[in-house]
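The next block holds one structure in the form of structure tokens; read it before the comments.
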Amino acid sequence: MKHLALRNITKGIFIIIVSINLTPLYSKEIVGAWDTNIGHLNPHLYSPNQMYAQIMVYEPLVKYEDGKFVGGIAREWRISNDGKTYTFKIDNNLHFSNGNRLDSYAVEANFKAILENATRHSWLGLTDKIQSAKAIDENTFELKLSSPYIATLNELSLPRPFRIIDPSSMIDGSTKDGIKSPVGSGPWVLKESILGIKDVFVPNPYYHKKSEISQLTMKIIPDPNSRILALKSGGIDILVGKDMISRESFKILQKDTRYTLTQSIPQGTFNLVINSKTISDPNIRKAIILTINKDEIWDKILLQIDKKAENLFQRNLEFCDVELSKQEFNLQKSKEVLKNTNYKNKAIRLVYIANNPIQKSIAQSIQNEALKVGINIQLDSSEPIAFYQRQKNGDFDLIFNETWGNPFDPHSFISSMLIPSHADYAAQDGLENKDIIRGLIKSILNADNKDKIQKGYKSLLTLLNNSNIYIPLSYGVVLGVFNNKKIKSYKSGDMEYEFRFEDIKIR
């Protein structure tokens, strides 16, 4: 109502501004953009549900902030000495956005729905470890595991699937086939979703923190250039997201005082993966790696925005500070290595996402350099959905990939290597030592001793590095830009898809 009152007071000005900006200046409505609608916003399922919106609407038991785990729905928790029982104390004053009470019985109903669809979540090790999930009383929730699992808190804090929906919004106590409505306890409530046009959110009146924004509209603008034009025309106020802004646009906007640019802390590792099943000779894989000019890719294509990557995981992650042999760019050495193989100029397919200009440019750079030593790289563009299916099926020789950033890395990411859900399983499946690698991963995830975990990671990361199947390129950051006339400050979240719109300060 305050928003409408302001419009009436400034009616004369508003008409002029609308003709230029599409949104009223100084209103409490903020307009952003995304490339697709948010989907049905089921907290327990995946695409087309958009992770940024799942984080906005639903809360987890624990949250990941500033490199550590803090209370979410649970205000505190206790882990048993044997590492197998987690007891959570639920805040006794929580409500869903419809006013219904959020207690441990609601949490139990959610875990029942999630575990009913456990096969769908098997890429997360936790789903296989949970023996029981039950409410002890109104404010106490207990999780019993079959063995210690180091990534338990990590996976409980993820954007999905361990987030909590009002049980009355489930369909017969289940979510695997859909939900009645997206009702959570997070800072935002979905007000409206119009396919191909927009998604509209308003603050959750029961959330503990009051937002300065009365409404957040996310316009659907698939084309990156159109998003920038919309920002410059005033049609949108803020753009955030890993692929929402091109690096070229980011560099140009840095020189424009009308905007403030933001970068998140480094998230996952952008890398290339070589399929050891289709390229079984490690020397051919080594020869390919020697042709990749990572410095030039970082300088000319990534425009020096992201930090250059040497290892599969950032070394500042716990257990990942391991000294590994560095990959070098050396065409002469590549030729020498290639001589000791039976390579006969067979085309090697490098799969990239068709509408991703960075992947395409890097692929072309690799193709050109490889040709100089006689390696035939064939560029193979793929639509996004088919691309991820090809990762899963192992339908590639080389393919772009990313680790998932905080708090997935490293535990949840190595857990996903154990099943054919992403590129890693296929890439490792042709290695002679794959059973040793998979055994190490299981040993790490089930360990409750830090020394044992550290030794396990040192062995695992060394084996993966020496297998010549991973080519780390950069530690990616999430870019953002906002209009200074409308927004005073915005801060990125700790996860790749966490955008803290509720903390925006407006002018």
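Observations, loosely collected:
- By the rule of a C-alpha distance below 19 Å, with chain neighbours fewer than 8 residues away ignored, the lysines paired with Lys307 are Lys242, Lys251, Lys294, Lys326.
- Efficiency of FRET between Ser361 and Leu115 - r from beta-carbon atoms, R0 25 angstrom, step 0.05: 0.05
- Relative packing of peptides 434-444, 476-486 - highest average C-beta neighbours within 10 Å first: 476-486, 434-444
- Distant-in-sequence amide contacts of Lys307, defined by a placed amide H-H separation under 5 Å and a gap of 5 or more residues or a different chain, comprise Tyr475.
- Rounded Å value of the spacing that divides the Cα centres of the range 110-188 and the range 448-507: 24
- Note on the range 47-74 and the range 333-352: Cα centroid distance 44 Å, given to the nearest whole angstrom.
- Largest accessible area first, the residues Phe329, Phe400 order themselves as Phe329, Phe400 under a 1.4 Å probe with ligands, DNA and RNA left out.
- Per residue, in Å², the accessible surface of the chain once ligands and nucleic acids are set aside, probe 1.4 Å: 44
- Per-peptide packing, taken as the mean over residues of other Cβ atoms within 10 Å, places 89-99, 154-164 in the sequence 154-164, 89-99 from highest down.
- Surface composition of the range 192-259: carbon and sulfur make up 55 percent of the accessible area, probe 1.4 Å.
- Straight-line reach from Lys210: taking Cα to Cα under 18 Å and skipping same-chain neighbours fewer than 8 places apart, the lysines in range are Lys2, Lys28, Lys191, Lys488, Lys491, Lys505.
- Set of lysines near Lys339 by C-alpha distance (under 17 Å), chain-local residues within fewer than 8 positions excluded: Lys286, Lys372
- Note on the chain: with charges restricted to the Cβ of Lys and Arg (+1) and Asp and Glu (-1), its dipole about the Cα centre is near 1060 debye.
- Placing unit charges on the Cβ atoms only, positive for Lys and Arg and negative for Asp and Glu, gives the range 109-172 a dipole magnitude near 240 debye about its Cα centre.
The values are calculated or read from the model by the stated rules, or taken from the named source; none is laboratory data. Here the structure is a predicted model, which is why all the values come from computation and not from measurement. When we count neighbours, we look across all protein chains shown, and the Cβ atoms used for this are built from the backbone with ideal geometry, even at glycine. To get the accessible areas, we keep the full protein, side chains included, count just its heavy atoms, and leave off ligands, DNA and RNA. Shrake-Rupley method; radii C 1.70, N 1.55, O 1.52, S 1.80 Å.
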